[in-house]
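One structure is given below, encoded as structure tokens.
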Amino acid sequence: MDIQHDPDGGQFFVEMEHGKAELDYEWLDSSSVNFSHVFVPPQDRLAGAGAKVVLHALDWARENHLSVVPGCPFARRVMNEHPEYDDLRAEPD
């Protein structure tokens, strides 16, 4: 799966058969981001693309020493299912 990063647009995405699977994020400060929205075209949801995009974005956050607020319920669920990323979790003020 060829996941792309658009830092100017604040998005990770992958082209799927029926559209784009994407994770939108926004900077909260210089060391933390909010994963605000995840979308996968309904016809492509069984492919697991949403979780793969979130995990890719979490790896990016780790590589860049960032903390993550899982503002989107789907991103929160993926983080809950992968406790190896608990060290990245930040909760909003």
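Quick one: dipole size for the chain, taken about the Cα centre, charges +1 on Lys/Arg Cβ and -1 on Asp/Glu Cβ, in debye to the nearest 20. Can you show the working numbers first?
Working: 7 positive and 18 negative charges, 62 e Å.
Computed about the Cα centre, the dipole is about 300 debye.
Here is how the number arises for the chain: DSSP H runs of 4 or more residues each give -39500 (n - 2.57), the sum is divided by the residue count, and the result at 222 nm is -8000 deg cm²/dmol. Taking the Cα centre of the stretch 44-93 as origin and assigning +1 to Lys and Arg Cβ atoms and -1 to Asp and Glu Cβ atoms, the resulting dipole is close to 240 debye. Computed from backbone phi, the HN-Hα couplings of the stretch 34-49 come to 10, 7, 8, 7, 10, 9, 10, x, x, 5, 10, 5, 6, 6, x, 5 Hz, rounded to whole numbers (Karplus: 6.51 cos²θ - 1.76 cosθ + 1.60, θ = phi - 60°; Gly and Pro given as x).
Using a cutoff of 8 angstrom between alpha carbon atoms and counting only pairs six or more residues apart, the relative contact order for the chain works out to 23 percent.
Taken along the Cα-to-beta-carbon direction at a fixed 7 Å, the label points for SER67 and GLU81 span 2.6 nm. Taking each residue as 0.36 nm, the span from HIS5 to ARG89 lengthens on full extension beyond its C-alpha to C-alpha distance by 28.2 nm.
Read-outs throughout are calculated quantities, based only on the coordinates presented, and are distinct from any laboratory measurement. Keep in mind it's a predicted model, so treat the numbers as computed, not measured. Quick reminder, even Gly has a Cβ in these numbers, built from the backbone with ideal geometry, and neighbours come from all protein chains shown.
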